[in-house]
Amino acid sequence: MHKIEVTRFGGPDVLRYGPAPDPRPGPGQVVIRVHAAGVNPADTYIRSGTYAFSQPDLPYTPGFDCGGVVQSVGCDVDSLTAGDRVFVAALDSAHSGAYAELMVCQAHTVRALPNHLSFEQGAAIGVPCIAAYRALFQRGGARHGETVLIHGASGGVGLPAVQMAAAEGLTVIGTAGTAEGRRLVLDNGAHYVLDHSAPN
């Protein structure tokens, strides 16, 4: 297989692509054949070496999120089988990184990818949706019947926040800077949308 590796912290120029041995799953782990990897702001912060929440040992392969197919499973894994379409949100340190053809991760970070979603869409689920859920419900305490303003509602975290808030029965006011973005926000459940680039 091939993977991208970071051998020193810095800008995009520190990313190195090259061959690597195929990983094998340990107990409770699975190997995923990555079809699409998510690229999140946190990935770039970590790569720079300035992210207070995570400074991995060098070298490392970036990437928490991917969409792909289960290649193999380790012992003690009975929830997944080879050939399953899945998405991964590996927000723990026990993974080999999604910027690779094959990724080993804990089985509990892997979920079934519905057939109507592409691998690219699966790679966009993990970090953005977890961030939206955490902001709305764990930090914000949003509850049915309340009203929420979601600034930047057409973005990677904003859009799932709109969907989750609407599904929970909140009145959703979203903002977006383009006509296309505002249509997208309304189409995904917002009750009202504002142009956040307008002076008033």
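The values are calculated or read from the model by the stated rules, or taken from the named source; none is laboratory data. Worth saying up front: this structure is predicted, and the values here are computed from it rather than measured. Here the Cβ is made from the backbone with ideal geometry for all residues, glycine too, and neighbour counts use every protein chain on show. Calculation scope for accessible area: heavy atoms of the full protein, side chains included, ligands and nucleic acids excluded. Shrake-Rupley method; radii C 1.70, N 1.55, O 1.52, S 1.80 Å.
Of all residue pairs spaced 6 or more apart or on separate chains, those with beta-carbon atoms under 9 Å, a first member in region 8-24 that is within 19 Å of residue 42 (Cβ to Cβ) and a second member that is open to solvent by 70 Å² or more (accessible area, probe 1.4 Å) are 8/58; 8/59; 9/50; 9/55; 9/58; 14/7; 14/8.
Going through region 139-154 one residue at a time, which ones are open to solvent by 30 Å² or more (accessible area, probe 1.4 Å) and more than 18 Å from residue 198 (Cα to Cα)?
Correct list: 139, 140, 143, 144, 145, 146, 147.
Note on region 3-20: residues that are open to solvent by 70 Å² or more (accessible area, probe 1.4 Å) and not in a loop (DSSP other than H, G, I, E, B) amount to 5.
Of all residues in region 56-91, those satisfying the criterion of being open to solvent by 10 Å² or more (accessible area, probe 1.4 Å), assigned to a strand (DSSP E or B) and among the hydrophobic types (A, V, I, L, M, F, W, C) are 69, 73, 87, 89. Residues of region 21-41 that are open to solvent by 20 Å² or more (accessible area, probe 1.4 Å) and either in a helix (DSSP H, G or I) or under 14 Å from residue 101 (Cα atoms) (or both): 21, 22, 23, 24, 33, 34, 35, 37, 41. Scanning region 44-55 for residues that are open to solvent by 70 Å² or more (accessible area, probe 1.4 Å) and either part of a loop (DSSP other than H, G, I, E, B) or in contact with a Leu (Cβ under 8 Å, 6 or more places away or on another chain) (or both) yields 50, 52, 53, 55. Scanning region 62-76 finds no residues that are modelled with pLDDT of 90 or more, out of contact with any Lys or Arg (no Cβ under 9 Å at 6 or more places or on another chain) and of a type in the set (Ser, Thr, Tyr).
Restrict the check to region 83-101 and report whether at least one residue is among the hydrophobic types (A, V, I, L, M, F, W, C) and over 23 Å from residue 124 (Cβ atoms).
Taking region 83-101 as the starting set, the residues that turn out to be among the hydrophobic types (A, V, I, L, M, F, W, C) are 86-91, 94, 98, 100.
The next check asks that each one be over 23 Å from residue 124 (Cβ atoms); those that pass are none.
Among the residues of region 83-101, not one is among the hydrophobic types (A, V, I, L, M, F, W, C) and over 23 Å from residue 124 (Cβ atoms), which makes the answer no.
Of all the criteria given as (1) free of Cβ contacts under 8 Å to residues at least 24 places away in the same chain; (2) more than 24 Å from residue 123 (Cβ to Cβ), the one not satisfied by residue 169 is (1).
For residues that are among the hydroxyl-bearing types (Ser, Thr, Tyr) and under 21 Å from residue 130 (Cα atoms), scanning just region 155-200, find the one that is surrounded by the most Cβ atoms within 10 Å (Cβ to Cβ).
Just the residues of region 155-200 that are among the hydroxyl-bearing types (Ser, Thr, Tyr), to begin with: 171, 175, 178, 192, 197.
Filter again for under 21 Å from residue 130 (Cα atoms), leaving 171, 175.
Values: 171: 14, 175: 22.
Out of the qualifying residues, it is 175.
Only one of the numbered conditions (1) surrounded by 18 or more Cβ atoms within 10 Å (Cβ to Cβ); (2) in contact (Cβ under 8 Å) with a residue 60 or more places away in the chain; (3) under 30 Å from residue 154 (Cβ atoms); (4) of a type in the set (S, T, N, Q) is violated by residue 109, and that is (2).
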